[in-house]
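Undergrad: Just dropping this structure here.
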Amino acid sequence: EFLWLGKTLDYPISALRPAQYIEAAKEKAAGMAAVMQKDMWAAAVEMEGLRLRKKIMERSVNILERYQADCAEALEWREANEAHLQQPFATLFLLPPGASFDP
């Protein structure tokens with residue numbers, strides 16, 4: 001028997017002429033190359049999917065970080081203006097953080 005990359009060919013080597021042997025080896029190599037090419041393509045597609053998922057996750061984290069900062073800023077503004085929001089017509093005198101208002 002003749003082994004090709006760990007697999008036994010279906011025909012004995014002694015039954016082949018040299019040209020047939022070379023042709024069979026070429027066919028086997030072409031088949032193996034096609035399988036490897038298909039596997040490489042599948043791996044490339046999977047890698048691109050992973051890259052896109054990573055990009056989406058990074059953008060999601062950035063959005064959540066900005067949202068958290070905006071919430072902290074809004075809470076700080078509310079705490080700074082809490083006393084003024086209790087007064088009548090206080091919505092006319094809303095102050096930015098750090099500013100003071102003396103009626």
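The values are calculated or read from the model by the stated rules, or taken from the named source; none is laboratory data. Keep in mind it's a predicted model, so treat the numbers as computed, not measured. Heads up, the Cβs are rebuilt from the backbone with ideal geometry, glycines too, and the neighbour counts pull from every protein chain shown. Accessible surface areas use protein heavy atoms only, side chains included; no ligands, DNA or RNA. Shrake-Rupley method; radii C 1.70, N 1.55, O 1.52, S 1.80 Å.
Undergrad: Determine the sum of side-chain charges near Glu76: Lys and Arg each +1, Asp and Glu each -1, restricted to other residues whose C-beta is under 14 angstrom from that of Glu76.
TA: Overall, the nearby charge balance is -3.
Undergrad: Just to make sure I understand: if all protein chains stay in place, what is the order of Trp41, Trp77 by accessible area at 1.4 Å, largest first?
TA: Trp41, Trp77
Undergrad: Please work out how much accessible surface Asp70 shows to a 1.4 Å probe, ignoring ligands, DNA and RNA, in Å² rounded to 10.
TA: Asp70 has an accessible surface of roughly 90 Å² with all protein chains in place.
Undergrad: How large is ³J(HN,Hα), in whole Hz, for each residue of the stretch 60-75 in order, when computed from phi with the Karplus curve 6.51 cos²θ - 1.76 cosθ + 1.60 and θ = phi - 60°, using x for Gly and Pro?
TA: Running phi through 6.51 cos²θ - 1.76 cosθ + 1.60 with θ = phi - 60° gives 4, 4, 4, 4, 5, 5, 5, 4, 4, 5, 4, 5, 4, 5, 5, 5 Hz.
Undergrad: Suppose each label sits 7 Å from its Cα in the direction of the beta carbon; what would the Glu46-Ile22 distance come out to in nanometres?
TA: Inter-label distance under the simple model: 3.9 nm.
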